[in-house]
Amino acid sequence: MKSKKTDPIIDGSTEDESFFNRELSWLAFNERVLSLAEDDDKPLGERIRFLAISADNLNEFFMVRVAGLRQLVDRGFKRLPKDDVDIDQLLTQIMARSAKLMARQNQVLPELIGCLRDENIHVMSDIPDDEQDRLWLEDWFIDNVLPLITPTTLDPSHPFPFFHNDGKGMMLELTSPDSKPMQSVILLPANLPRFVKLPGDGLRLLLVEAVIRASIVKIYPRHQFVSAAMFSILRDSEIEIDDEANDLIHEFENALRARQRGNVVLLTLSKDAPKPIRRLLKSAMGIDENNFFNTDGPVALNNFSELLHYIPKHLLFPAFTPRFPQRIRDFNGDCFAAIRNKDIIVHHPYESFEVVVRYLQQAATDPDVLAIRQTLYRTTSNSPIVKALIQAAENGKTVTAVIELKARFDERNNIQLARALGRAGVQVAYGLTDLKIHLKMSLVVRREHGKLVSYTHVGTGNYHPITAGIYTDLSYFTCDKDVGRDAYEIFKYLTSHVQPDKLKRSFISPHQSFPQLKLMIRAEIENCKNGLPSGIWLKCNSLVDHRLIELLYEASQAGVPIEILARGICCLRPGVAGLSETITVRSIIGRFLEHGRIYVFANGGEFLSDKNIVMISSADLMPRNLRRRVECFMQLENPTIRKQVLHQIMVALLRDEKNAWYLQPNGSYVHPQTDETSFSCHDYFMSNPSLSGLGSLSATQDNG
């Protein structure tokens, strides 16, 4: 891969140039994702996947972040309340950079389609000339599309129909039989496939809007077709709930309905759309020119992920089957016996999420298990985790599920899961109305030899079988008494609102995390000043919190070496003389989505020594994670576990050459030139079993 560089984050977006703007930093992250679609060293199918991810990411950015900024403007705010940033100036920068990003997406799409053509896969935007194809498409349209669409001729008695969030439509200009100009609109249903597979030799895929456009005569047989233009809309998707509501589920259902009707924040329209259509859409959606994006390609590029259903395997990454830890196999699959023997960390997706599922399934059927407590933030509608909890309740165990209804875009699914769990006899709690429950924890209480033993699982990622195959995360299992006691106190907080006073192996947001992190950073400063070894390694998705960044600047100015792995947003400006010259920031973007959070402090010892403080967490370093959510930072003490996280995981991440982008003082990201011999942490983890899961595969068993 050639050396690459992203655009700098525009200076002047904040009054204090010590910090990069959060929104512009996020756009820089999505530019790095898009760069993978432009990388011809990547398999062709994966490049299409990265293009669709980039488009989907940008949609969410508009639905949430841009929508939030526009809400502030509507409420009369001129500057961001906390950052003191001019909102209009920031929105101008966001729209300019977003337009550039969308233009890049439209540039890479035809290149990818051309590469598919070389593989005898033809993605077409126009109806073929072949008569047999046309006749087949006519029948396909009548059977599969016509019953689903409702063409609306616009006149005083037929106003512009409502389009839901993320909706797509086609605007038509027609001439009536009496030669009067008229306009019509067709909503493309969400359940309509974006591509039609044509019969015959080879693989030919046609955009569904081309079929509709060619079939207008079936809808308006006596009208003359003039023009057609595709458009898509994104609406404000933030939801507000009444924290005092007696029925939270009912309140959320109302809020979800309101989300579908939020204000339009972006309308993407075919560049060649006639001016009358543009004026009509502008009026119907209640928007101005700032909400438009003109595209010379298809709208809704996130839908192009559907192409992956047709892509042959040789155009994708080679198949990878996650390992199942040998140490659990050594105990005949008995998770509790393996955990009793020694703590274990499962490194997803390199090691199977099936371990987590089996742990809870075993708990559900084990007659010695008396109680299960579980947090659920995001999971699938048919989650095996939820099925295990239901089975446990039906088997007479005491089961408590803490479900976060406010998990963005998963609210509806979580409402349905809450009802299913409640019907089975699970005690369902929604945590704290003013705080999101983001920590990932499970506590199983088992009777062993007349005593109660607590088994705890602490994760950095969601209990989600699908994302566990894509996101890199850590699952920590232990029957350590102190961890079990901490877990009990945390669950008690979630259900009774009684804050834990003193936790032995962990600390939690919103009350303890920032003060504890502050103490640890200040300890590194003091150690450095006193000539002791010092240093900080941080791995997170986002680094935004200004108060924490200021502490890191202070540490850098004292001479503390700091390595930061921030995959997405990073508001810290590294490498600035007198401010942050000892800080290096990397972003690893590759086959898997880096998601696990790891925090390491030298603690007066050289790095990779027994003195280091090593923690995993559900939390990023953002104000919401530290002050407005319930999160958990768990300290690791078992020697094998610590060695796995420090020597194996963190060292491999810091060695990565193939996937690493380096943040520059001006906000640009640089990817160094690489070749096939360059080190990739993802390739390394796929090839090397984790230390704590080796079991009998290890020639020298570690008795830690």
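Every read-out reported here was derived from the displayed coordinates using simple, explicitly stated rules and does not represent laboratory data. Every value quoted in this text rests on a predicted model; they were computed, and no experiment measured them. Backbone-built Cβ (ideal geometry, glycine too); neighbour counts: all protein chains shown.
Which net charge results for the neighbourhood of ASN57, defined as the other residues with beta-carbon distances under 12 angstrom from its beta-carbon, given Lys and Arg at +1 and Asp and Glu at -1?
Neighbour charge sum, excluding ASN57 itself: -1.
Report the Rg/Rh value for region 457-536, based on alpha-carbon coordinates and the Kirkwood definition of Rh.
1.07
Length gain on complete extension for the stretch ARG547 to ASP139, per 0.36 nm per residue less the alpha carbon to alpha carbon distance?
140.6 nm
Can you give the FRET efficiency for THR150 and SER687, using 1/(1 + (r/R0)^6), R0 = 45 Å, r = Cβ-Cβ distance, to the nearest 0.05?
Given R0 = 45 Å and the Cβ-Cβ separation, E is 0.25.
Show me 344-355, 677-688, 643-654 ranked by packing, highest mean number of other Cβ atoms within 10 Å first.
The densest-packed peptide leads the list: 344-355, 643-654, 677-688.
Quick check: Cα centre of region 179-230 to Cα centre of region 462-488, how many Å?
For region 179-230 versus region 462-488, the Cα centre distance is 49 Å.
Please give the FRET efficiency for MET124 paired with ASN666, using the beta carbon to beta carbon distance and R0 = 45 Å, rounded to the nearest 0.05.
0.60
What's the extension gain from ASN191 to SER381 if we count 0.36 nm per residue and subtract their Cα-Cα distance?
Difference between extended and current length: 66.6 nm.
What chymotrypsin sites (Phe, Trp or Tyr not before Pro) does region 90-192 have in DSSP loop regions with at most 12 other beta carbons within 10 Å?
PHE162
Would you please report the Å³ per residue occupied by the convex hull of the alpha carbon atoms in the chain?
180 Å³
Test of understanding: what is the full-extension gain from LYS611 to LYS271, defined as 0.36 nm times their sequence separation minus their Cα-Cα distance?
Computed gain between LYS611 and LYS271 is 116.3 nm.
Which value, in debye to the nearest 20, describes the size of the charge dipole of the chain about its Cα centre when Lys and Arg Cβ atoms bear +1, Asp and Glu Cβ atoms bear -1, and nothing else is charged?
I would put it at about 1320 debye.
Radius of gyration and Dmax for region 507-697's Cα atoms, expressed in Å?
Looking at region 507-697, its Cα Rg and Dmax stand at 16.3, 51 Å.
Give me the distance in nm between label points sitting 7 Å out from Cα along the Cα-to-Cβ direction at LYS313 and ARG419, one decimal.
Spacing of the two 7 Å Cα→Cβ label points: 4.0 nm.
If you bin every alpha carbon distance in region 326-502 into 5 Å steps from zero, what whole percent lands in each bin?
1, 9, 18, 22, 23, 16, 8, 2, 0, 0
What is the packing order of peptides 123-131, 91-99, 620-628, taking the mean over residues of other C-beta atoms within 10 Å and listing the highest first?
620-628, 91-99, 123-131
Using helices alone, what [θ] at 222 nm do you get for the chain, with -39,500 (n - 2.57) per DSSP H run of 4 or more residues, divided over all residues and rounded to the nearest 500?
Using -39500 (n - 2.57) per qualifying helix, the result is -10000 deg cm²/dmol.
For region 85-217, what is the convex hull (Cα atoms) projected area averaged across all directions, in square nanometres?
Over every viewing direction, the Cα hull of region 85-217 projects on average to 12.4 nm².
Taking a 23 Å limit on the Cα-Cα distance, which of the listed pairs LYS5/LYS658; LYS481/LYS643; LYS100/LYS271; LYS502/LYS643 fall beyond it?
LYS502/LYS643
Could you pull out the chymotrypsin sites (Phe, Trp or Tyr not before Pro) across region 40-117 that fall in loop regions by DSSP (anything but H, G, I, E, B) with no more than 12 other Cβ atoms inside 10 Å?
Counting only loop positions with at most 12 other Cβ atoms within 10 Å, the chymotrypsin sites (Phe, Trp or Tyr not before Pro) in region 40-117 are PHE77.
Between GLN71 and HIS449, what FRET efficiency follows from the Cβ-Cβ distance if R0 is 41 Å, with the result rounded to 0.05?
With R0 = 41 Å, the Cβ-Cβ based efficiency is 0.10.
Based on the mean of other Cβ atoms within 10 Å per residue, sort peptides 383-391, 435-443 so the most packed one is first.
Per-residue mean Cβ counts within 10 Å order the peptides as 435-443, 383-391.
Rounded to whole Å, give me the distance from the Cα center of region 509-582 to that of region 356-371.
Distance between centres, Cα-based: 41 Å.
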